[in-house]
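Visitor: One structure, pasted below without further comment.
The values are calculated or read from the model by the stated rules, or taken from the named source; none is laboratory data. Bear in mind the structure is a predicted one, so any value in this text is a computation, not a measurement. Because the Cβ atoms are built from the backbone with ideal geometry, glycine has one as well, and the counts that use them run over all protein chains shown. Quick note on the areas: whole protein, heavy atoms, side chains included, nothing else; ligands and nucleic acids left out. Shrake-Rupley method; radii C 1.70, N 1.55, O 1.52, S 1.80 Å.
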Amino acid sequence: MVTIKYNKIIITGVAGFIGFYLAKRLLEEGWCVIGGDNLNTYYDVNLKKARIAILGNFEQFKFIKLDISKIKQLEDIFEKNDIDVVVNLAAQAGVRYSIENPHAYVESNLVGFVNILECCRRNIL
């Protein structure tokens, strides 16, 4: 059996519930985690910052304030880090809010996702 060992992972949406617990688990297992999040105000920012502070207790954690809809910033992160795995959990949440502000969903959930795919194609695959 061949075992593949990954070293560095980027998790977008790391300040969210799922992103936080995934990052925490991987850090406990010895991964190097780059956590990205735009820390928007849709959910309690203090809760997000508290989660980032907990993850910051791990030496192998690095937080980057990240907007995945900004391709240049995302490209810089991929180019400057030897990323093995990408978990994209960044998204604009809330169905009702999508009626009020559909452009926020297009930017994050569509443009941002395509940017992630392109960075993976250019740097990982």
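Visitor: In whole Å, what are the extents of the chain along the principal axes defined by its C-alpha atoms, from largest to smallest?
Guide: Here the spans come out as 50, 32, 28 Å, largest first.
Visitor: Okay, moving on. Only residues of the range 26-54 count here: report those whose backbone N is under 18 Å from the spot 7 Å along Cα→Cβ of A93, or say none.
Guide: 35-54
Visitor: Assuming 0.36 nm per residue, please report the length gained on full extension of the stretch E29 to Q73 beyond their Cα-Cα distance.
Guide: 13.0 nm
Visitor: Which residue fluctuates the most in the chain, going by a Gaussian network model with Cα springs under 10 Å, if the choices are G112, G56, G13?
Guide: Among G112, G56, G13, the largest GNM mean-square fluctuation belongs to G56.
Visitor: Do any of K48/K70; K48/K80; K8/K72 go past 23 Å between their Cα atoms, and which?
Guide: Among K48/K70; K48/K80; K8/K72, the Cα-Cα distance tops 23 Å for K48/K80.
Visitor: Let me ask something additional. Over the chain, what is the mean sequence separation of C-alpha contacts under 8 Å (at least six apart), divided by residue count, expressed as relative contact order in percent?
Guide: 29
Visitor: Rounded to the nearest 500, what is the chain's calculated 222 nm mean residue ellipticity when only DSSP H runs of at least 4 contribute -39500 (n - 2.57) each, over all residues?
Guide: Taking each H run of at least 4 residues, the total per residue is -12500 deg cm²/dmol.
Visitor: For S69, tell me the accessible area in Å² from a 1.4 Å probe, rounded to the nearest 10.
Guide: 20
Visitor: For K49, go through the lysines and keep the ones whose alpha-carbon is under 19 Å away, minus same-chain ones fewer than eight residues off.
Guide: K24, K62, K65
Visitor: Given the options G94, G35, G19, which has the most mean-square fluctuation in a GNM of the chain, springs set between C-alpha atoms less than 10 angstrom apart?
Guide: Highest fluctuation among the options: G94.
Visitor: Could you derive backbone 3J(HN,Hα) for the range 13-20 from the dihedral phi with the Karplus parameters 6.51, -1.76 and 1.60 (θ = phi - 60°), listing whole Hz in sequence and x where the residue is Gly or Pro?
Guide: Each residue's phi maps through the Karplus curve to give x, 5, 8, x, 4, 5, x, 4 Hz.
Visitor: Here's a follow-up. Which FRET efficiency value, to the nearest 0.05, is calculated for R122 and N40 with the Förster distance at 35 angstrom and r the Cβ-Cβ distance?
Guide: It comes to 0.85.
Visitor: Mind checking the full-extension length gain between D82 and H103? Use 0.36 nm per residue of separation minus the Cα-Cα distance, one decimal, nm.
Guide: 4.4 nm
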